[in-house]
Amino acid sequence: MTKFDLITVGDNATDAFIRLSEAELNCEIDKPECKICMKFASKIPYESVTEVPAGGNSSNVALGATKLGLSVAYVSNIGDDAHGAKTLDKLIKAGVDTTWIKKNAGIATNYNYVLWYADDRTILVKHENYPNYWPFDSAQSNPENPEANWLYLSSVSDSDFSVHQQIIDWLTAHPETKLAFSPGTWQMKLGAEKLKELYARTEILFCNKQEAERIVRDATSRSQVVSRTTELQTLAESIKSLGPKTVVITDGEQGASALDSANKFYQAPAFLGLGEALERTGAGDAFASAYLAATASGKGTEEALTWGAINSASVVTKIGPHEGLLTRPQIEEKLK
């Protein structure tokens, strides 16, 4: 039976980064989100396009953790097409175990268009309709089931929650495996009640500040007054009350924070020693992979936050979520 430091579970996609120059941002004072605007019914020139296979939260974390020295397997779907072949090739060359990546005949690999303007991006996403897939049964005696110290779960194809239930059953049968959970959009839509077993099993929950606000808001009864607080410790405490032992919240240039299992609250600033941000795709995934690698190496919450801050600061100086990923010696050198 094979044992891994980490198994990541979730969808992947090929990302096409389209560099725009002729656009503008429309930001209204009373609304939290800006809009990217281009001329309607016009030909809009672009500067460049860069295609990056094996994107997506769980794939990015698999690649980041492997580069930091963890043994990693990845569970996902791909299409039986050129993009799927490039995805497999990239993961295998990086050292990720791809045994449990399912190739689906007649279905395309997920493909996203990333509209890259200034130092941030707007992503046009399309999720292919893959059959529900979870390759392990919950029997502890099955020699084909791998063992793992950690399981990382994010956005995953699941039309009826059956995959999530199988993951819950597998985790129940493997109490030694710790769960790191980064809820995707669909998972957050399910709500706290549907996810209560996963939240209760979660060792570390990763999210950004906007996602934290949504989790708290969606977990609050409609009959209650929903607080729109932006105070990170309050958000972390509210999420922790759902079950996770540790809650980690990233906040872009404002840094990151964590409320650990002992209810001690930590904050770390963004790391500014690696140059200006080029674009921010994968910053949160780079943070999560480094935080997990530090934790798996026996580091405490405070040092894990700094590992995450350094890794994410490096990723945003490059195009895409992978080129800027650091090795453990590189992070340790920056820590000095």
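Would you check which residues across region 308-336 are farther than 18 Å from VAL114 by Cβ and in contact (Cβ under 8 Å) with a residue 40 or more places away in the chain and list them? Before you say what the answer is, go through the steps one by one.
Narrowing region 308-336 to residues farther than 18 Å from VAL114 by Cβ: 308-311, 313-314, 326-336.
GLY308, ALA309, ASN311, ALA313, SER314, LEU326, THR327, ARG328, ILE331, LYS334 - these are the residues of region 308-336 that are farther than 18 Å from VAL114 by Cβ and in contact (Cβ under 8 Å) with a residue 40 or more places away in the chain.
So, PRO183, is that one assigned to a loop (DSSP other than H, G, I, E, B), in contact (Cβ under 8 Å) with a residue 60 or more places away in the chain, surrounded by 21 or more Cβ atoms within 10 Å (Cβ to Cβ) and not acidic (Asp, Glu) or not? Break it down stepwise before answering.
Working: assigned to a loop (DSSP other than H, G, I, E, B): yes; in contact (Cβ under 8 Å) with a residue 60 or more places away in the chain: no; surrounded by 21 or more Cβ atoms within 10 Å (Cβ to Cβ): yes; not acidic (Asp, Glu): yes.
Spelling it out, it is not the case that PRO183 is assigned to a loop (DSSP other than H, G, I, E, B), in contact (Cβ under 8 Å) with a residue 60 or more places away in the chain, surrounded by 21 or more Cβ atoms within 10 Å (Cβ to Cβ) and not acidic (Asp, Glu).
Keeping to region 254-280, report how many residues are in contact with an Asp or Glu (Cβ under 7 Å, 6 or more places away or on another chain) and touching a residue at least 60 places away in the same chain (Cβ under 8 Å). Break it down stepwise before answering.
Of the residues in region 254-280, the ones in contact with an Asp or Glu (Cβ under 7 Å, 6 or more places away or on another chain) are 259, 266, 270, 277-280.
Now restrict to residues that are touching a residue at least 60 places away in the same chain (Cβ under 8 Å): 277-280.
Counting residues in region 254-280 that are in contact with an Asp or Glu (Cβ under 7 Å, 6 or more places away or on another chain) and touching a residue at least 60 places away in the same chain (Cβ under 8 Å) gives 4.
Check ALA290, ALA219 and return the single one that is under 21 Å from TYR152 (Cα atoms) and surrounded by 13 or more Cβ atoms within 10 Å (Cβ to Cβ).
Details: ALA219 fails: under 21 Å from TYR152 (Cα atoms).
From the options ALA290, ALA219, the qualifying one is ALA290.
Listed residues ILE167, ILE215; which is in contact with a strand residue (DSSP E or B) (Cβ under 7 Å, 6 or more places away or on another chain), β-branched (Val, Ile, Thr) and modelled with pLDDT of 95 or more?
Details: ILE215 fails: modelled with pLDDT of 95 or more.
Step by step, each of ILE167, ILE215 is checked, and only ILE167 is in contact with a strand residue (DSSP E or B) (Cβ under 7 Å, 6 or more places away or on another chain), β-branched (Val, Ile, Thr) and modelled with pLDDT of 95 or more.
Restricting to region 231-253, name every residue that is surrounded by fewer than 18 Cβ atoms within 10 Å (Cβ to Cβ) and free of Cβ contacts under 8 Å to residues at least 40 places away in the same chain.
Across region 231-253, the qualifying residues are GLU231, GLN233, THR234, GLU237, SER241, GLU253.
Considering only region 136-155, state which residues are assigned to a loop (DSSP other than H, G, I, E, B) and either modelled with pLDDT of 95 or more or of a type in the set (Ser, Thr, Tyr) (or both). Before the answer, list the steps.
Let us first name the residues in region 136-155 that are assigned to a loop (DSSP other than H, G, I, E, B), namely 136-146, 154-155.
Within region 136-155, SER138, SER141, SER154, SER155 meet the criteria.
Which of the strands (runs of 3 or more DSSP E) found entirely inside region 2-98 contain at least 1 residues meeting this: open to solvent by less than 60 Å² (accessible area, probe 1.4 Å) and not polar (S, T, N, Q)? Break it down stepwise before answering.
On the way: elements: 3-9, 13-20, 24-26, 35-37, 46-55, 72-79.
Strands (runs of 3 or more DSSP E) meeting the threshold: 3-9, 13-20, 35-37, 46-55, 72-79.
Quickly run through region 156-169 and pick out the residues that are open to solvent by 20 Å² or more (accessible area, probe 1.4 Å) and not in a loop (DSSP other than H, G, I, E, B).
Answer for region 156-169, where residues must be open to solvent by 20 Å² or more (accessible area, probe 1.4 Å) and not in a loop (DSSP other than H, G, I, E, B): SER162, GLN165, GLN166, ASP169.
Out of all the residues in region 110-135, which are in contact (Cβ under 8 Å) with a residue 60 or more places away in the chain, closer than 29 Å to ALA277 by Cα and not in a strand (DSSP E or B)?
The answer is ASN110, ALA118, ASP119, VAL125, HIS127.
Starting from region 66-87, take each residue that is closer than 13 Å to ILE107 by Cβ and of a type in the set (D, E, K, R) and list its partners that are open to solvent by 10 Å² or more (accessible area, probe 1.4 Å) and in a strand (DSSP E or B), counting only C-beta distances under 6 angstrom and pairs at least six apart or across chains.
Listed pairs, sorted by first residue: ASP80/LYS103.
Taking into account only those residues within region 186-198 that are in a helix (DSSP H, G or I) and open to solvent by less than 10 Å² (accessible area, probe 1.4 Å), which is modelled with the lowest pLDDT?
Filtering region 186-198 down to residues in a helix (DSSP H, G or I) leaves 186-190, 196-198.
Narrowing the set further to residues that are open to solvent by less than 10 Å² (accessible area, probe 1.4 Å) leaves 187, 198.
Details: GLN187: 93, LEU198: 97.
Among those that are in a helix (DSSP H, G or I) and open to solvent by less than 10 Å² (accessible area, probe 1.4 Å), it is GLN187.
Do you know which of the residues in region 297-315 that are touching a Leu at 6+ places or on another chain (Cβ under 6 Å) and surrounded by fewer than 24 Cβ atoms within 10 Å (Cβ to Cβ) is farthest from SER71 (Cα to Cα)?
Step by step, filter region 297-315, then rank; the result is ALA313.
Does THR172 meet the test of being of a type in the set (Ser, Thr, Tyr), open to solvent by 60 Å² or more (accessible area, probe 1.4 Å) and part of a loop (DSSP other than H, G, I, E, B)? Let's see the steps before the verdict.
Working: of a type in the set (Ser, Thr, Tyr): yes; open to solvent by 60 Å² or more (accessible area, probe 1.4 Å): yes; part of a loop (DSSP other than H, G, I, E, B): no.
So THR172 fails the test.
The values are calculated or read from the model by the stated rules, or taken from the named source; none is laboratory data. It should be emphasised that the depicted structure is a prediction, and the values quoted were computed from it without experimental measurement. FYI the Cβ positions are ideal-geometry reconstructions off the backbone, even for glycines, and counts take in every protein chain you see. The accessibility values were calculated without ligands, DNA or RNA, using every heavy atom of the protein model including side chains. Shrake-Rupley method; radii C 1.70, N 1.55, O 1.52, S 1.80 Å.
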